[in-house]
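Participant: Please find one structure pasted underneath; my questions will follow.
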Amino acid sequence: MGHEERLRVSTELGRDRGALVERIVTEVYAEVPAYRALHASQLAEVRAITSWLVTRSMELWVRGADRLPEEDVERLRGIGRARAADGRSIGAVVRAHRVGSAAAVRIIRERAGDRLDTDDVFALGELWLISLDQISESLSQGHVEAADRLDADRERARRALLDDLLIGRQSSPGAIRDRARTLGITPPDPAVLVVVEPDGGMGATVATGLELLREVGDADPLVTTRSGRVVVLVAAQDAARVSAAMVERGLRGCALAPRALGDMSAAYRLADGALEAAPPHALGDDGLLREADACVLALLNGGGVTPATVRSTVLGPLLNLEHRHLLDTLGAYFRSGAATIAADELHVHAQTLRYRLRRIRELTGHDPHRPWPRFVLETACAIAP
């Protein structure tokens, strides 16, 4: 039949394009579950794209073309990029185009199948098969490009949020919630701040941050780098995994106690200052400084921590009335320098005093027999209540 009959069929279909498009979209809606969740404006966009593809296919078929031109391929890449931006999976998008193409072929067969000769049918079939391949490839390429860019942008935005928390630019709970909602995340609040000192330059810093991210697994920490150190903001239940990853790699670091997101600027200054000032023997067997260590170091180096904060942070439960005898034991032990002498001073058996020292270690996390923990405890005890 050739050009004239193809043009006649294309014109007839064009006059009823609205109903044809609606039928195609209805089949896509029924066959592709992801499209049932689309709202009205998104379905309107699906109809517009369907109408464009049907019109272009008919035009190309009438002209005898066997594929989409480059400008149409680029438009499809743009559609793929848009689908990545609105969160639609590429699998669902490609399947929707396959379902739509099959529906369009059936409609053409119903409307004009008896008027098309073999050459017309084969020409349309070839065009549709090649076009479908172009559509799938172009959509996928655009989707991947946009997804990569969005991931990079999202990661930059997450880092920027943590950077702002660390410098105190973002401290209002409402502002933090709004910004987190925009990023699609729910940062832990309270959270644990961990500052890690990598072994190497900036490349090692970034690599360390990525490794620690992987160690947290299903958790969703915020990570950034500042002054050659990695800073991780993580939920309290995941902090131990980050610390364990640091220990495994032999890294120095400071892991603080949980606190509100609005307090992260002060927390970062505390941890960063502690790592700058800590003598080698201050780090525990695991290479970590903790809240009490950081507070004592800040007090010694003018870091803006009050004596009362140091006393309460280091001694903690020993300040409760029920543990007053343990606090007295600690004072006697520091004054005398020996457990036996302290026992005599308190009129208790030496074994009783040793038991009390073990309880002090259990309650505070500081062993009064070891040099640095003893110094931390003694500093706190020396502060007047």
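The values are calculated or read from the model by the stated rules, or taken from the named source; none is laboratory data. What you are looking at is a predicted structure, and each value in this text was computed from that prediction instead of being measured. Heads up, the Cβs are rebuilt from the backbone with ideal geometry, glycines too, and the neighbour counts pull from every protein chain shown. Accessible surface is based on the protein model in full, side chains and every heavy atom, while ligands, DNA and RNA are left aside. Shrake-Rupley method; radii C 1.70, N 1.55, O 1.52, S 1.80 Å.
Participant: Pairs of Cα atoms under 8 Å, at least six residues apart: use those to get the relative contact order of the stretch 248-302, whole percent.
Facilitator: 47
Participant: Find the accessible area per residue for the stretch 331-385; the probe is 1.4 Å, ligands and nucleic acids are left out, and the unit is Å².
Facilitator: Per-residue accessible area for the stretch 331-385 comes out at 56 Å².
Participant: Any number yet on Rg/Rh for the stretch 88-148, C-alpha, Kirkwood?
Facilitator: Ratio value, two decimals: 1.12.
Participant: Shifting gears a bit: Relative to the compact globular guide of 2.2 N^0.38 Å, what is the alpha carbon radius of gyration of the stretch 2-93, as a ratio?
Facilitator: 1.20
Participant: Okay, moving on. Once amide H atoms are placed 1.01 Å from N in the peptide plane, what residues at a sequence separation of 5 or more from residue 222, or on another chain, have their amide H within under 5 Å of its amide H?
Facilitator: 233
Participant: Roughly how many debye, to the nearest 20, is the charge dipole of the stretch 69-138 about its Cα centre, given +1 on each Lys and Arg Cβ, -1 on each Asp and Glu Cβ, and no other charges?
Facilitator: Once rounded to the nearest 20, the dipole reads 560 debye.
Participant: In a Gaussian network model over the chain where Cα atoms closer than 10 Å are linked, find which of 81, 290, 115 has the largest mean-square fluctuation.
Facilitator: 115
Participant: Separate question: Considering only protein heavy atoms and a 1.4 Å probe, what is the carbon-and-sulfur percentage of the accessible area of the stretch 278-385?
Facilitator: Of the solvent-accessible surface of the stretch 278-385, carbon and sulfur hold 54 percent.
Participant: Probe radius 1.4 Å, ligands and nucleic acids ignored: give me the carbon and sulfur share of the accessible area of the stretch 1-103 as a rounded percent.
Facilitator: Roughly 54 percent, rounded to a whole number.
Participant: Further question: So, for the stretch 1-55, what is the accessible surface per residue at a probe of 1.4 Å, expressed in square angstrom?
Facilitator: About 54 Å² of surface per residue is accessible.
Participant: To the nearest 20 debye, what is the magnitude of the charge dipole of the chain about its Cα centre, counting +1 on the Cβ of each Lys and Arg and -1 on the Cβ of each Asp and Glu?
Facilitator: Magnitude of the dipole: close to 1080 debye.
Participant: Let me ask something additional. Could you state how much accessible area residue 375 has, in square angstrom rounded to the nearest 10, with a 1.4 Å probe and all protein chains kept in place?
Facilitator: My reading of the accessible area for residue 375 is about 80 Å².
Participant: Please give the calculated 222 nm ellipticity per residue for the chain, where each DSSP H segment of at least 4 residues contributes -39500 (n - 2.57) and the sum is spread over every residue; nearest 500 deg cm²/dmol?
Facilitator: After summing the helix terms and dividing by the residues of the chain, the value is -23000 deg cm²/dmol.
Participant: When the distances between all Cα atoms of the chain are binned every 20 Å from zero, what whole-number percent does each bin get?
Facilitator: Distribution as computed: 22, 32, 21, 16, 8, 1 percent.
Participant: In addition: Kindly report, to the nearest 10 Å², the accessible surface of residue 177 as traced by a 1.4 Å probe over protein heavy atoms only.
Facilitator: 140
Participant: For the charge dipole of the stretch 8-73, defined by +1 on Lys and Arg C-beta atoms and -1 on Asp and Glu C-beta atoms about the Cα centroid, which residue among 54, 32, 14 has the Cα displaced farthest towards the positive pole?
Facilitator: Going by the Cα projections, it comes out as 14.
Participant: Additional query: Positive end of the dipole of the chain, charges at C-beta (+1 Lys, Arg; -1 Asp, Glu), about the Cα centre: which of 266, 292, 82 has its Cα farthest in that direction?
Facilitator: The listed residue farthest towards the positive side: 292.
Participant: For the ranges 228-235, 362-369, 269-276, what's the packing order if you count other beta-carbon atoms within 10 Å of each residue, average per peptide, and put the highest first?
Facilitator: Listed from highest to lowest mean packing, they are 228-235, 269-276, 362-369.
Participant: Run the numbers on the stretch 2-92 and let me know its relative contact order in percent, using alpha-carbon pairs under 8 Å that are six or more apart.
Facilitator: 34
Participant: Sorting 27, 322 by accessible area (1.4 Å probe), largest first, what list results?
Facilitator: 322, 27
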